[in-house]
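Values quoted throughout were computed directly from the atomic coordinates according to the rules given, and no laboratory measurement underlies them. Small disclaimer: the values here were computed from a predicted structure and weren't measured.
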Amino acid sequence: MEKASLLKIKCECCGGQEFIEEKKNVFKCVFCGTSYYLDKPTTKNKIKVINNTYNVYGNHDNSDQTSINHLVKSANYFLIKLKNYDKAKDLFERITIEAPHDYRGWWGLICAENYNLNSRLAFENGHDPHEYEEESENFRSITIAAPKTIAQKLLETWDNYLQGYDDLVADEIQEELQSELDDIDKQISESQETIKKSTYDYSVFCVKAASFCAAAIAILMILSDNGNGWNLLLLALVCIFVDFVFYANLFDVVELVCSDLHETLEKERSKLTELSKQRSKLLDRMKEI
């Protein structure tokens, strides 16, 4: 195994790069079962495929094994090169029927039904490998048919596929949560702006009311000091008329404006409090993922 890793062998049949050592200088691809012979590993990585020279399944008829090997090679070509997963699945199913003892059929079937263990494709097509794993009997068949070392390697490969899928799901959830967080931040900003504007309008209204009253008092004082009795009488009559006609309506307007501003402030403050709580919850969820 170490020699194969050092020489960076790549399976010519399926492109796999993990091997187990069958015997001296002979290595078998974990994924498709193709055997390779390393001619003096210290030289220029010379390798050649071994055709039916070593069989881990016991004494089977060479012609049958040759037929299975041909099917495996064809299925892997559809799976890896052509990315025709349906056709690959058909061929791997045929292998599981004709050679149920050959783990390559079961493993190939798993790969064909999971986009050749491409986490991105599975995610984009809404294929959840966790559900597939729970429903599939192929994994049990692999543990029975494959040598222990190979079965372990294949299951590790599957776990890596699951992890890649889970990472993509986590990224999507993070993006959704971030979008919600941005929306809440926008609402908080708008609410704060509304509170600021309402407070400003309330302050301006109070200043204007105070200015109006001060101006009225100033006019009264001027007229009282410099005017004569007829002016004072006329001013009193005008004040009585204004008081009679507009008094109730004027204070109703003042009360309405103040009440509306106060209600707006309370509403926005409550909204701001609720948005802050939602924001805190979102941040907690984002930390958990």
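Computed over the range 160-199, the quotient of the alpha carbon radius of gyration and 2.2 N^0.38 Å is 1.93. Legend: distances between Cα atoms for K24/K153; K196/K281; K81/K148; pairs beyond 22 Å are K196/K281; K81/K148.
Our coupling estimate for the range 267-273, obtained by passing each phi through the Karplus curve with A = 6.51, B = -1.76, C = 1.60 and θ = phi - 60°, is 5, 5, 5, 5, 4, 5, 5 Hz, Gly and Pro reported as x.
Converting phi to 3J(HN,Hα) with the Karplus coefficients 6.51, -1.76 and 1.60 and the offset θ = phi - 60°, the range 93-100 yields 4, 5, 5, 5, 7, 6, 9, x Hz in sequence order, with x at every glycine or proline. 3J(HN,Hα) couplings calculated from phi for the range 173-181 with the Karplus curve 6.51 cos²θ - 1.76 cosθ + 1.60 (θ = phi - 60°) are, in sequence order, 4, 4, 5, 5, 5, 5, 4, 4, 5 Hz; Gly and Pro show x. Over the range 142-185, the Kirkwood radius and the radius of gyration, each from Cα atoms, give a ratio Rg/Rh of 1.41.
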